[in-house]
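The structure appears below as structure tokens.
The values are calculated or read from the model by the stated rules, or taken from the named source; none is laboratory data. It should be emphasised that the depicted structure is a prediction, and the values quoted were computed from it without experimental measurement. We place every Cβ from the backbone using ideal geometry, glycine too, and count neighbours over all the protein chains shown. Each accessible area value is taken on the protein alone, full model and side chains, heavy atoms only, with ligands, DNA and RNA left out. Shrake-Rupley method; radii C 1.70, N 1.55, O 1.52, S 1.80 Å.
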Amino acid sequence: MTKKVDFNSIKPEEVKEELLSKYPVKVARKRAKQIVINKVDNGDVVPEVLANTRTVPGILTMRGCAYAGCKGVVLGPTRDILQITHGPIGCAFYSWLTRRNQTRPKTDDAPNFMPYTMSTDLQEDEVIFGGEKKLKKAIEEAVGLFHPKAIGIFSTCPVGLIGDDVHAVAREMEEKFPDVNIFGFSCEGYKGVSQSAGHHIANNKVFTDVVGLSDKPKEGKFRFNILGEYNIGGDAFEIERVAEKCGLTIHSTFSGNSEYDEFISAHTADLNVVMCHRSINYLAEMMEKKFGIPWFKVNFIGAESSAKSLRKIAEYFGDKELMANVEKVIAEEMIEVEKVRLDVKSRCEGKTAMLFVGGSRAHHYQDLFREIGMQTLSAGYEFAHRDDYEGRKVIPEIVIDADTRNIEELTVEKDDNRFSPRKSESEIEAYSKKGFKWSDYDGMMPEMQNNTLVIDDLNHYETEVLIEKYRPDIFCAGIKEKYVVQKQGIPLKQLHSYDYSGPYAGFKGAINFYKEIDRILNTNVFKLVKAPWQETPELSGSYAWTK
Amino acid sequence: MKAQEKVIEKIADPARNTCRLCAPLGASTVFRGIENCIPLLHGSQGCSTYIRRYMISHFREPVDIASSNFSESAAVFGGRENLHTALDNVIGKYQPSLVGIATTCLSETIGDDVSLYIKEYNEKSKSDVPVVNVPTPSYKGIHTDGYRDAVISCIKTVSKENESGDFINIIPAFVSPEDLRHLKEIASDFKTDAVLFPDYSETLDGESWESYKKISPGGTLLSDIARIKSAKASIVIGSSLSRSGLSGSLSDHLPNSHFMNLPIGIDLCDEFFGAFEKATGKQLPEKYSSERNRLVDSYMDAHKYFFEKRAIIAGDEDLVVSLASFMSEIGIVPVICATGSDNPAAAEIIKKYAPDAEVMSDSDYATVLDKAKGMNCDLVIGSSKGFYLSKNLSIPLVRVGFPVHDRFGSQRIKHLGYRGTQSILDNIANAIIEHKQNSSNIGYSYL
Ligand code: SF4
Ligand code: SF4
């Protein structure tokens, strides 16, 4: 296996310098603010990270586009909203089932449009003369074929420029088909700087056009919504299993394993818990303002974190029996978890990881690694904002640039009839005294060790430098990075698609993850790969980037 | 930009479960088949990210494709600055031998003049790295068009007319890295000097690396592309390459060219090897006549499994044309032949090979499924996307072409030559046998 480096002897300042040394001055200046050496003061004060800014053209980024964030991430996992991509063919093809969200329709004949992709497949004529007619035709065809409850229209780059008004088309077609809820998203790929813009656009539309359409609550006690859980690899199934065992009722999940009917009545639930803060905090905020539903952050990645999250939810509902039940479930589940954890830990303790992914996973998965004694040397997000790094306390200081200004920020008011605070002010106060953090997220950095490197929007070149310097035992990112990292003899675990395994959430998920990491780190395969520095250490001096 | 007055009489159908990908993907594949070349897409970053992740899921190799990363203002005012910055960074970081620029729907829609931007860049930067530009609006063409147009643009830009040399060109359509290796092997067995372009056999199916490489090794040498115009003959395989597109026509840039369909099945392979004999003036090496004879032998052995079986062939036109010919040879009846492209000439040829088939151009999987219901089909031959048909019709899928992301070893699928045909034949026979075995209660172990 790769010769280990003593990472304690590595000076992060030097690595940072090396990372910056090959850039033109302007780029280096910008990247210097995005590459930060962590230092936690007073428990939660951390250095500032420049995040959510445009990637420099020509630099190979991990990021995707607003359309990907809107259609792919937020709406993609919903099975019964028929999705039409308005644009040329490629965008629809590439977002067709690529995210491996799972879903389980409640009955055999219930609609599931996820394996299905529909595109207006714009041709030259439409690009010149407008594509609205074709869009209308697509909607008619969709209604004729499936008569879905709802249809979402997703705009790709050319749509904004040819002047098509997808919202007007949606309204017109809704008049024609009054029992189908039709709504459009202006999620052209050039908006914002990454998928993140698309999340926001999706949140806005789901809030204005979907949530709140039906006041009929779901049956069951202790009803809450999970926001920002997309059921990759079956994560939501595991969370559902545990919640049910505890006696909790998940009203709706945005949007893993979800249905339209659950969305429209989501405002009748009594609590929102947020998993992926980046992609869905907008919806949590807006639902709180309009309907009075409080929210807090949870994390079901990691056994300890899952237990903590369950306790918090039970405490919120304040029911003795529920709380006792939750404790019982945790105790039961932890027996198997501990058995596997300790066994795996005996082989993985002291090993190192790097995580560069998403807008929450790079944080959440550190918990799982910690549980088996592994240390995170460096981490960063692909499309997060400063609050995901430093905590929501910095939101008022965030400078809004031109790219962000283009994304609509909705003004939300109380719903006169339906606003009902779930807890009184004094109750909220009492909870806060007990250490409850409402509408808050502390961010990733306060939980990371000092001197670790935090890097936003890591690119190809920097990945290479990091690997050469630190030689981590495992690197976590996505499929675009997988083979380039593995060519260097370091295993890569995909945290977008989970390499088509999972679930990793909850207790069973933690067990799966421990075993998976054990398999990866202790396989013989990577021992066959000679790392370049292994036999000829002087080679590192002749690496291309030092030329 | 929009003339509302004009009424479009015929509105085409929307695509449901499409059969095709977009043009810059094809162009990027060609660029990855040139040594030390880096593809750069001019438009928003999403296209290059999607295309990279898509190609990587098939090839399981690093695929670097840069982007000029449009912002909203670039989308409105043009991407000159973005392209210049991107070129600066790509050339600085990779020191490539060539930068291959393909446009996207966005830069095409706003009408960016990429050639002009490149000219300005070269004047400003004094860079001597050659830059190829290929227009790839996906609202005018699909991945096979982007592929062909990139091949033409590269030859146009890089190749010089010279005195005729003693070598041949082999220009294949979008085939697998394994196929490319086979083509090289054939040329070497014919003891002939050949330029294979593009050649992504190593870049997209590479070895484990001893030391870190910025750009995956392998690919057609720039110096080889430069001599393409002076070859004594050119063998061009794949029907999509014979069409002319936005970059013109391949035949205008190749000396003495033989255009033919992908060599799959005895007939088309005979034609291909015949062309090779003619172009090189050499006889078919014995190795290939043996392969041919073995293949003929297996046609007979397997006939009982194939006879009157009804197949759906769906995918890229290059493959569909040749598979239709091959199927008809072995006794399988192609009942639906569907392509994502709209090429009447290809449809004609398919009709000739498979007179009983429903030929569907410009089609998609959902339409094919609607058609196929009640047609008693026995199997599907196509990419992973054909799984939709296979699952809904409960019949086996034999995976060929691109994309194949639900099986291992997609880079190494053999399609071409007697050997490739043999491999497809074995797979089809086994798929039929396995299906029969699994759907019987008897528990056959001899079939
Ligand atoms: S915009 Fe065009 S080039 Fe980009 S992914 Fe979509 S179809 Fe392909
Ligand atoms: S065209 Fe725009 S929306 Fe489509 S993939 Fe490219 S960046 Fe995304």
(message) 7 Å from Cα along Cα→Cβ at both B:His303 and B:Ala345: what's the point-to-point distance in nm?
(response) 3.5 nm
(request) Could you check the simple spin-label distance between A:Lys218 and B:Ser394, using points 7 Å along Cα→Cβ, in nm with one decimal? (result) 3.3 nm
(message) Suppose a student asked you for the relative contact order of chain A, using Cα pairs under 8 Å spaced at least 6 residues apart; what percent would you report?
(response) 20 percent
(request) Compute log10 of I(q)/I(0) for the range A:99-168 with the Debye formula, placing one identical point scatterer on every Cα and leaving out solvent, at q = 0.11, 0.14, 0.18, 0.19 Å⁻¹, to two decimals. (result) -0.35, -0.54, -0.80, -0.86
(message) I need the calculated FRET efficiency for the pair A:Lys393 and A:Lys106, taking r as the beta carbon distance and R₀ as 56 Å, to the nearest 0.05.
(response) 0.85
(message) With n ≥ 4 as the cut-off for DSSP H runs, can you work out [θ] at 222 nm for chain B, using -39500 (n - 2.57) per run divided by the number of residues, rounded to the nearest 500?
(response) -13500 deg cm²/dmol
(message) Please compute, for the alpha-carbon atoms of the protein assembly as shown, the extent along each of the three principal axes and give them in descending order in Å.
(response) 93, 68, 67
(message) Under the √(5λ) rule applied to the eigenvalues of the Cα gyration tensor, what semi-axes describe the equivalent ellipsoid of the range B:164-233? Give them in Å, descending.
(response) 23, 14, 10
(request) Report the far tail of the P(r) of the range B:168-285, meaning the percent of Cα-Cα pairs longer than 16 Å. (result) 63 percent
(message) Take the residue pairs A:Lys393/A:Lys482; A:Lys221/A:Lys515; A:Lys71/A:Lys312; A:Lys191/A:Lys480; A:Lys482/B:Lys184; B:Lys93/B:Lys229 and return only those whose Cα atoms are more than 26 Å apart.
(response) A:Lys393/A:Lys482; A:Lys221/A:Lys515; A:Lys71/A:Lys312; A:Lys482/B:Lys184; B:Lys93/B:Lys229
(request) Would you calculate, for chain A, the mean residue ellipticity at 222 nm contributed by helices, counting each DSSP H stretch of 4 or more residues as -39,500 (n - 2.57) and dividing by all residues, to the nearest 500? (result) -12500 deg cm²/dmol
(message) Using the crude model of +1 on Lys and Arg Cβ and -1 on Asp and Glu Cβ, and no other charge, please compute the dipole size for the protein assembly as shown relative to its Cα centre, in debye to 20.
(response) 1400 debye
(request) Note down the net charge around B:Tyr353, summing +1 for each Lys or Arg and -1 for each Asp or Glu among other residues with Cβ under 12 Å from its Cβ. (result) -2
(request) Go ahead and collect, in residue order, the members of the range A:41-60 whose backbone nitrogen is under 13 Å from a label point 7 Å along the Cα-Cβ direction of A:Lys26. (result) A:56-58
(request) Give the carbon-plus-sulfur fraction of the accessible surface of chain A in %, rounded to a whole number; probe 1.4 Å, heavy atoms of protein chains only. (result) 51 percent
(request) Could you pull out the GluC sites (Glu not before Pro) across the range A:312-372 that fall in loop regions by DSSP (anything but H, G, I, E, B) with no more than 11 other Cβ atoms inside 10 Å? (result) A:Glu349
(message) If I take R0 = 35 Å and measure r between the Cβ atoms of B:Asn430 and A:Leu145 in this structure, what FRET efficiency does the formula 1/(1 + (r/R0)^6) give, to the nearest 0.05?
(response) 0.45
(message) Distance between the C-alpha centers of the range B:393-410 and the range A:226-274? Whole Å please.
(response) 34 Å
(request) Sort by residue number and report every cysteine in chain A with no other cysteine beta carbon within a distance under 4.7 Å. (result) A:Cys65, A:Cys91, A:Cys157, A:Cys246, A:Cys276, A:Cys348, A:Cys476
(message) Explain nothing, just the number: dipole magnitude of chain A about its Cα centre with +1 on each Lys and Arg Cβ and -1 on each Asp and Glu Cβ, in debye rounded to the nearest 20.
(response) 1380 debye
(message) Could you report the buried accessible area between B and A, both sides summed, computed with a 1.4 Å probe and given in Å² to the nearest 100?
(response) 6700 Å²
(message) If you take every DSSP beta bridge fully contained in chain B, what fraction is antiparallel? Give it as a percent rounded to 5.
(response) 5 percent
(message) Name the residue from B:Ser247, B:Pro355, B:Gly340 whose Cα lies farthest towards the positive end of the charge dipole of chain B, charges +1 on Cβ of Lys and Arg and -1 on Cβ of Asp and Glu.
(response) B:Gly340
(request) Assuming a ≥ b ≥ c are the square roots of the Cα gyration tensor eigenvalues, decide whether the range A:66-190 counts as rounded (a/c under 1.5), prolate (otherwise, with a/b larger than b/c) or oblate. (result) oblate
(request) Can you find, among B:Leu40, A:Phe207, B:Pro137, the residue farthest towards the positive end of the dipole of the protein assembly as shown? Put +1 on the C-beta of Lys and Arg, -1 on that of Asp and Glu. (result) B:Leu40
(request) Among A:Ser426, A:His267, A:Val326, flag the residue with its Cα farthest along the positive direction of the charge dipole of chain A, charges on Cβ as +1 for Lys/Arg and -1 for Asp/Glu. (result) A:Val326
(message) Of the candidates B:Thr136, B:Thr85, B:Thr29, which one comes out as most mobile in a Gaussian network treatment of chain B with C-alpha springs shorter than 10 Å?
(response) B:Thr85
(request) Can you give me the three principal axis dimensions of chain A from its C-alpha atoms, in Å, biggest first? (result) 72, 64, 46
(request) Apply 1/(1 + (r/R0)^6) to the Cβ-Cβ distance of A:Lys137 and A:Arg171, taking R0 = 22 Å, and write down the FRET efficiency to the nearest 0.05. (result) 0.85
(request) Restricting to chain A, compute how many DSSP beta bridges are antiparallel as a %, nearest 5. (result) 15 percent
(message) Between the range A:404-482 and the range B:302-356, what is the separation of their alpha carbon centroids in Å?
(response) 53 Å
(message) I'd like the distance between the alpha-carbon centres of the range A:71-116 and the range A:154-169, rounded to an integer number of Å.
(response) 20 Å
(message) Taking the full set of protein chains and a 1.4 angstrom probe, give the accessible area of A:Glu18 in square angstrom, rounded to the nearest 10.
(response) 40 Å²
